[in-house]
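The values are calculated or read from the model by the stated rules, or taken from the named source; none is laboratory data. It should be emphasised that the depicted structure is a prediction, and the values quoted were computed from it without experimental measurement. Neighbour counts run over all protein chains shown; Cβ positions are idealised from the backbone, glycine included.
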Amino acid sequence: MRAVLAIGVTELRRFARDRSNIFFVLIFPLLLVFVVGLQFGGGGGGSIAITGADGQLRQELTQELDGDDVSLNEVADAEEMRTMVARGQAQVGLLIEPGDEDAFAAGEPVQIEMIAASGGNAPAMTQVVLTALQAISLEQAELAALTDQGVEESEAAGALEQARSGVEPVQLDVVNTDEISQELGGLGQFDLGAATMILLFVFLSTLSSSVMLIQSRRLGIQRRVLAAPVSSVSALGGQLFGRWIIAVVQGGYIMVASAWLFDVDFGSIWLALLIMGVFALVATGAAMLLGAVVDHEGAASGVAVGAGLVLAALGGCMFPLELFPDTLRTVANIIPHAWGYEAFAQIQRHAGGLADIGLELGVLAAMALVLVLAGSWALRRSTARAM
């Protein structure tokens, strides 16, 4: 066991020494989580940034917008507001000029500058803002109508407030009958992207580590390992553990970083780690098989990147499985990524437990067993051939 651990840790250290991994392992996955979140991000609420003069108009608008489904951010200046909208941190930005406050106080028409983002919940948040402005305009019109009839402004405002408090507000429950909207509607903006990027990069990084197996065989490292007092089983176990620990480190990093930076909710963290660990075994077996059957590092690297991206695309990591046509959805059933996608969907969207993802974990475990056995057999033959 000590030999297995030592070989595995050595493989992880060799992988970490590759400086190209600083970008492709640490930075690039989080960039894609952000991009996928902007494109397919769900969530029932949204964010509005408001800035400008502080007066009666802003106070009433803030009061109207303050609700459970809206996150209202009061920012310091217009530049910060525009930056938040540009970065997707707010779907709508509002700028209230001092002249707007003066016009509102005088009962004159007001034009507020509003900037909407290009996607996400921007249309819905725009409608929320328009509804709030209409409500404020109606209140001002009611107040003006009473004061024009000779009622004192304070008395008119009190009467209107008393009338509103005695009327039950109309409640509108919107039920979306579209199955895809229902399936993706409960997700946070970056939840889908984080789960799919874990699957994509766990498989891609692990498959790319097959290059180290070819280098070890070409440089005679495997021969020296077998010449030491280490059994062939321990040597193969060390390679297996090395590939698996690379996959787990990659997946764990994406999971922690996305939860910290993007507030991603994975449901049960322990079940998420279990899914990642089993999927990492699938990637480990594929990496060992590729490293055993290919004799050139460049060819292995090309196959790893190409196969990793194609399988990820077919498995729903670049486009949600729910949007696949029926034929392609059937093809996805032979891709391990699709089963990992379904498992994450169960725990993220439906608060699923271990029993709910039993089928997905069973299929992934069967795939891992087949690939690990085939990879170990091929790697043992390639090592013997190299000697």
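Of Val278, Val372, Val294, which residue is touching a Leu at 6+ places or on another chain (Cβ under 6 Å) and either surrounded by 18 or more Cβ atoms within 10 Å (Cβ to Cβ) or not assigned by TED's automatic domain parsing to the domain that holds Val25 (or both)?
Working: Val372 fails: touching a Leu at 6+ places or on another chain (Cβ under 6 Å); Val294 fails: touching a Leu at 6+ places or on another chain (Cβ under 6 Å).
When all the criteria are applied, what remains is Val278.
Scanning region 123-144 for residues that are touching a strand residue (DSSP E or B) at 6+ places or on another chain (Cβ under 7 Å) and over 15 Å from Thr62 (Cα atoms) yields a single hit, Ala124. Residues that are assigned to a helix (DSSP H, G or I), among the hydrophobic types (A, V, I, L, M, F, W, C) and at pLDDT 80 or above do not occur anywhere in region 36-54. Just so you know, in region 51-74 the residues that are among the hydrophobic types (A, V, I, L, M, F, W, C) and crowded, with 19+ Cβ neighbours inside 10 Å include one that is farthest from Leu138 (Cα to Cα), and it is Val70. Just one of (1) in contact with a helix residue (DSSP H, G or I) (Cβ under 8 Å, 6 or more places away or on another chain); (2) over 20 Å from Ser71 (Cα atoms); (3) modelled with pLDDT of 70 or more fails for Ala103. It is (1). Residue count for region 75-89 satisfying the condition of being exposed (fewer than 12 other Cβ atoms within 10 Å of the Cβ) and either under 16 Å from Ala116 (Cβ atoms) or modelled with pLDDT under 80 (or both): 1.
Screening Val310 against (1) buried (at least 20 other Cβ atoms within 10 Å of the Cβ); (2) modelled with pLDDT of 90 or more; (3) of a type outside the set (D, E, K, R) leaves a single unmet condition, (1).
The rows are residues; the columns are (1) buried (at least 24 other Cβ atoms within 10 Å of the Cβ); (2) at pLDDT 90 or above; (3) more than 15 Å from Phe344 (Cα to Cα); (4) β-branched (Val, Ile, Thr).
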position	(1), (2), (3), (4)
Val230	no, no, yes, yes
Leu236	no, no, yes, no
Ala247	yes, no, yes, no
Met255	no, yes, no, no
Asp265	no, no, no, no
Ile269	no, yes, no, yes
Leu274	no, yes, no, no
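Highlighted here are the helices (runs of 4 or more DSSP H) found entirely within region 267-378 that include at least 2 residues which are under 21 Å from the mean Cα position of the chain (by Cα): 269-293, 297-314, 336-349. For beta carbons closer than 8 Å, sequence separation of 6+ or different chains, a first residue in region 307-322 that is without any contact (Cβ under 8 Å) to a residue 40 or more places away in the chain and not assigned by TED's automatic domain parsing to the domain that holds Val202 and a second that is of a type outside the set (Phe, Trp, Tyr) and surrounded by 19 or more Cβ atoms within 10 Å (Cβ to Cβ), there are no qualifying pairs.
For Ala378, the criteria (1) modelled with pLDDT of 90 or more; (2) surrounded by 13 or more Cβ atoms within 10 Å (Cβ to Cβ); (3) within 30 Å of Val211 (Cα to Cα) hold in every case but one, which is (1).
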